[in-house]
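Student: My structure is below; once you've seen it, I'll send some questions.
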Amino acid sequence: EAGVAQSPRYKIIEKRQSVAFWCNPISGHATLYWYQQILGQGPKLLIQFQNNGVVDDSQLPKDRFSAERLKGVDSTLKIQPAKLEDSAVYLCASSFPGQETQYFGPGTRLLVL
Amino acid sequence: AQTVTQSQPEMSVQEAETVTLSCTYDTSESDYYLFWYKQPPSRQMILVIRQEAYKQQNATENRFSVNFQKAAKSFSLKISDSQLGDAAMYFCACYMTGKLIFGQGTTLQVKP
């Protein structure tokens, strides 16, 4: 069974530029999560989708971050414009609806200069 | 407040020895789940072990086992016969009210 796929694995941009990350969940997992993990800290939830609807985006900085999951499968997270403090690893995870166990992708490491 | 606390930023263990990583959590929920995830330098978050709060029996997965003390809200991870490949950052996490809350992590070093 294929795991959660993410791309790119690494990205370096300058502040005020825009960037997008892609995630494809495990087949059949209707719930998809985006986390931000700053170096030395645990992951923090940014947004949770159930199919193509948003369940929780209370921690998403909506002035610069956006996410979509148009067809209820893969998802894109965008940052525009990026700030230095956005440097982090962005993790995507997925699960069956209502299931507590989440499976994570390899993450995208973002460096904002 | 729903929090997960790992009080050991770093731990080290000799290869083949046993090490225990500590975790405490705070929740008013009666139904929740506890997890330990391993994150090697590749940054992939790998599920190590899970525990349902309603189960009294401690979970075990090969060399990994937990000591779940519900009244004390404690959930420690024991790694037996430590191997070089166990070196990683370990995160304790609690799934409660539909959210997965992570601790700050413990970096485990395994010495040959």
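Student: Could you tell me which Cys residues in the protein assembly as shown have no other cysteine's Cβ under 4.7 Å from their own Cβ, answering none if every one has a partner?
Tutor: Here B:Cys94 come out as lacking a disulfide-compatible partner, given the Cβ-Cβ threshold of under 4.7 Å.
Student: What is the set of long-range amide H partners of A:Ala5 at a cut-off below 5 Å, with H atoms built 1.01 Å from backbone N?
Tutor: Long-range HN contacts for A:Ala5: A:Asn24.
Student: Same structure again: What percentages make up the Cα-Cα pair-distance distribution of chain A when the bins are 10 Å wide from 0?
Tutor: 16, 51, 29, 5
Student: Given a cut-off of 29 Å, name the pairs among B:Lys55/B:Lys99; A:Lys15/A:Lys62; A:Lys78/B:Lys111; A:Lys44/B:Lys78 whose C-alpha atoms lie farther apart than that in the structure shown.
Tutor: In this structure, A:Lys78/B:Lys111 lie more than 29 Å apart at Cα.
Student: Chains A and B: buried accessible surface, both sides, probe 1.4 Å, rounded to 100 Å²?
Tutor: So the total buried area for this chain pair works out to about 1700 Å².
Student: Let me ask something additional. Going by amide H atoms built from the backbone, whose H comes under 5 Å of the H on A:Lys15, apart from near neighbours?
Tutor: A:Leu113
Student: Which residues, if any, in segment B:29-63 have at least 30 Å² less accessible area in the whole protein complex than in the isolated chain, probe 1.4 Å?
Tutor: Listed in order, they are B:Tyr37, B:Arg43, B:Gln44, B:Met45, B:Leu47, B:Arg50.
Student: I've got another one for you. What number comes out for the charge environment of A:Pro106, summing +1 per Lys or Arg and -1 per Asp or Glu over other residues with Cβ under 10 Å away?
Tutor: Net charge around A:Pro106: +3.
Student: In addition: Kirkwood-based Rg over Rh for the protein assembly as shown (C-alpha set), two decimals?
Tutor: Taking Rh as the inverse mean 1/r over Cα pairs, Rg/Rh reads 0.97.
Student: Could you state the accessible area per residue of the protein assembly as shown in Å², with a 1.4 Å probe and every protein chain left in place?
Tutor: Each residue of the protein assembly as shown exposes 49 Å² on average to a 1.4 Å probe.
Student: Also: Please find, in a Gaussian network model of chain A (springs between Cα atoms separated by less than 10 Å), the residue of A:Tyr90, A:Tyr35, A:Tyr103 whose mean-square fluctuation is greatest.
Tutor: Per the Cα network of chain A with a 10 Å cutoff, A:Tyr103 tops the list.
Student: Here's something else I'd like to know. Report the Rg/Rh value for segment A:48-113, based on alpha-carbon coordinates and the Kirkwood definition of Rh.
Tutor: We get a ratio of 0.97 for segment A:48-113.
Student: Still on this structure, I have one more. Have a look at segment A:87-106 and report residues whose accessible surface goes down by 40 Å² or more when the remaining protein chains are included, against the chain on its own, probe 1.4 Å, ligands and DNA/RNA excluded.
Tutor: A:Glu100, A:Thr101, A:Gln102, A:Phe104, A:Pro106
Student: Can I ask one more? Roll a 1.4 angstrom probe over the protein heavy atoms and tell me the percent of accessible area of the protein assembly as shown that is carbon or sulfur.
Tutor: For the protein assembly as shown, the apolar C and S fraction of the accessible surface comes to 48 percent.
Student: Please state the relative contact order of chain A as a whole percent: Cα pairs under 8 Å, 6+ residues apart?
Tutor: That works out to 37 percent.
Student: Compute the relative contact order of chain B as a whole-number percentage, counting only Cα pairs closer than 8 Å that sit 6 or more residues apart in sequence.
Tutor: Reported relative contact order: 38 percent.
Student: Could you list log10 I(q)/I(0) for chain B at q = 0.12, 0.22 Å⁻¹, which the Debye formula gives when each Cα is one point scatterer?
Tutor: Summing over Cα pairs of chain B leads to -0.38, -1.22.
Student: Could you derive backbone 3J(HN,Hα) for segment B:71-87 from the dihedral phi with the Karplus parameters 6.51, -1.76 and 1.60 (θ = phi - 60°), listing whole Hz in sequence and x where the residue is Gly or Pro?
Tutor: Whole-Hz 3J(HN,Hα) from phi for segment B:71-87: 5, 7, 6, 10, 8, 9, 10, 10, 10, 9, 6, 4, 10, 4, x, 7, 4.
The values are calculated or read from the model by the stated rules, or taken from the named source; none is laboratory data. Because the structure is a prediction, the values reported are computed rather than measured. Ideal geometry is used to build each Cβ from the backbone, glycine not excepted, and the neighbour counts take in all protein chains shown. Please note that ligands, DNA and RNA were not included when accessible areas were found on the heavy atoms of the full protein model with its side chains. Shrake-Rupley method; radii C 1.70, N 1.55, O 1.52, S 1.80 Å.
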